[in-house]
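Report on one structure; see the data block that follows.
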Amino acid sequence: MKPVLIAVLLGLPWVVVDAAPPAGRWQYPPQLDGARVEMYKTVGDTKLNLYIFAPANPTNAPAIVFFFGGGWHGGSPQQFETHCRHLAQRGMVAITADYRVKSRQNARPVDGVADARSAIRWVRAHAAPLGVDPNRIAAGGGSAGGHLAAGTAFIREFDAADEDKNIPAEPNALVLFNPVLVLAPLAGLNLDKSFGARVPEERLGTKPEHLSPAHHITRNAPPTIIFHGRADTTVPFATAAAFAAKMKEAGNRCELVGFEGQSHGFFNREPFRSRTLAATEEFLGSLGWINKEK
């Protein structure tokens, strides 16, 4: 299978955007030794968990919540296990989250965005017992999970009705890996003229522009770093470049790190996993979240 996001955006038959390596590498349910497991949300019979990695006795520590890739169709929180273990060693509370997908709950992307915002809100609401600074919570993710992470910052209209809206669901920073950031036509983005014009609303759960992070950028958005392969034919590099340009036009910090010759999901394998993790550390260090000398 070679999934192609552009086909989805062109309204062709639904195909899976898969940031994952060959099937079987990541398990579902995930097997994450040493992780603290907390249920953050129930929807019907579905229980959604957070898998938490933390340093010993964290106090007012920065946190990051990762969302796995898989085309909103499948995937596993195990995708970001390495990232979580590494960042926990650097003093962060690092979390990888489950969320609803098509293959397991017949869910739509709009449901995933709602779940992602629920996850950020839950972490903030439980910041004290988690040892987390509620003003230093990042969202991260790859591919479709990168879309959900970005959605926590920009897409507010699909929150669960029973949640406490007095607790913000927006993150304080974004760390994105080949994310889906454009789901509808965007001025200045020179892709196929029909790009995004026929995305099936019934599959997304709403109009494409309502779920498109690039269409919701405002001033004072969270500082953002994006890692993207320049040879990505699944989620074109041009979409990340257009998003970064709009972020900067609005006065926001957005760093786009392109990797020459690399395709979709490159960050899952070495040496790029280590390189993107090192750049993530540098970015978080620039925010004062990680001590560079630690």
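Just so you know, all these numbers are worked out from the coordinates, no wet-lab data involved. Here the structure is a predicted model, which is why all the values come from computation and not from measurement. All Cβ positions, even for glycine, are placed from backbone atoms using ideal geometry, and neighbour counts span all protein chains on display.
Descriptive notes on the structure:
- Distant-in-sequence amide H partners of Asn172 (H built 1.01 Å from N, under 5 Å): Ile137, Ala138, Ala139
- Loop-located GluC sites (Glu not before Pro) in segment 231-261 whose Cβ has at most 13 other Cβ within 10 Å (DSSP): Glu260
- Among [x] 5, 22, 24, 20, 16, 9, 3, 0; [y] 7, 32, 39, 20, 3, 0; [z] 7, 29, 35, 22, 7, 1, 0, the entry derived from the coordinates for P(r) over Cα pairs in 10 Å bins from 0, in percent: [y]
- The phi torsions of segment 161-174, fed into the Karplus equation with coefficients 6.51, -1.76 and 1.60 and a -60° offset, translate into couplings of 5, 8, 8, 7, 6, 6, 9, x, 9, 7, x, 9, 6, 10 Hz, rounded to whole numbers, with Gly and Pro shown as x.
- Remark: relative contact order (the chain) = 17 percent; criterion is Cα-Cα distance under 8 angstrom and separation of 6 or more residues.
- Overall form of segment 97-196: prolate. Here a/c, set by the Cα gyration tensor axes a ≥ b ≥ c, is 1.5 or more, and a/b is the larger of a/b and b/c.
- Estimated from the Cβ-Cβ distance and a Förster radius of 22 angstrom, the FRET efficiency linking Ala231 and Glu282 is about 0.40.
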